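Q: Quick one: the structure is below, questions incoming.
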Amino acid sequence: MKLGPVAVGTVLVALALSGCGGSSTSSRRTTTTERTASSGPGSAAVTPPPGTPAALRGPHGGVLLAGDLKGFVPQGYRAPSASVESWVAEFPPERRASEAARLKALGFVAGITEQLGPPQGGGATGEAISVVEQFRSAHGANGEVAAQRKQALARGDSTFVVPGIPGARGFGSSTGGPPDANVAFPAGAYYYLVGFSSSAAKRSQLITAAQRLYRRVHG
């Protein structure tokens, strides 16, 4: 996840965290995090903020929990989006129209992004995200996985295998800054992406985190 406009840019770097809600760490811009937590930032789970669509509050709206990705704990959410226009608002102006058209064609319904970071006082550095996008059908979720992988290849990311998750795709980079990695996968009409930008995290740890999330949201 190259943080900066998903998956998926500009990074947490500008979160990755610089572009649309569904991009990888390397594609989004950092925004203010909403810290609506059940037991405070850094707890096992962070309560979704007001306005989160009901479909993203149930099991299918699952995001990473503390303990899923080694060295990272939930810190809060970005504001939820229930329209394509709000979901792409963080993209550079010149990309918003094309991304909005692409997501509308796929049947985008809603999305939310959780931000994660090292525990307070842990001394570690880096950032991570957990994204959920709801589409009208499985076709849309599968299409989003394919689109994010295509964008990753276009910016020079390498790919890696993600076992145990049907349809999952892994991509990332170890050049031009802290190493980053993303795993995107579909589950029914939902698209999920988890990623990090950190010198302390490993792709194998991200794969384990994605597998844990898949087991919670699948079925």
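No lab work stands behind these numbers, since they all come straight from the coordinates. As the structure is a prediction and not an experimental result, all values here were calculated from the model. Note that each Cβ is placed from the backbone with ideal geometry, even for glycine, and that neighbours are counted across all protein chains shown.
Q: Name the residue from ALA147, GLY117, THR175 whose Cα lies farthest towards the positive end of the charge dipole of the stretch 94-201, charges +1 on Cβ of Lys and Arg and -1 on Cβ of Asp and Glu.
A: Toward the positive end, the furthest listed residue is ALA147.
Q: Using a 10 Å cut-off on Cβ atoms, rank the peptides 149-161, 69-81 from the highest mean neighbour count down.
A: So the peptides 149-161, 69-81, ranked by packing, come out 69-81, 149-161.
Q: Leaving out same-chain residues fewer than 8 places away, which aspartates and glutamates sit with a Cα under 18 Å from that of LYS70?
A: Output for LYS70: GLU114, GLU127, ASP180.
Q: Would you mind calculating the relative contact order of the stretch 70-141 from Cα pairs under 8 angstrom and at least 6 residues apart, reporting the percent as a whole number? Numbers along the way, then the final one.
A: Details: 116 pairs, mean separation 27.0, N = 72.
Dividing the mean separation by the residue count of the stretch 70-141 yields 37 percent.
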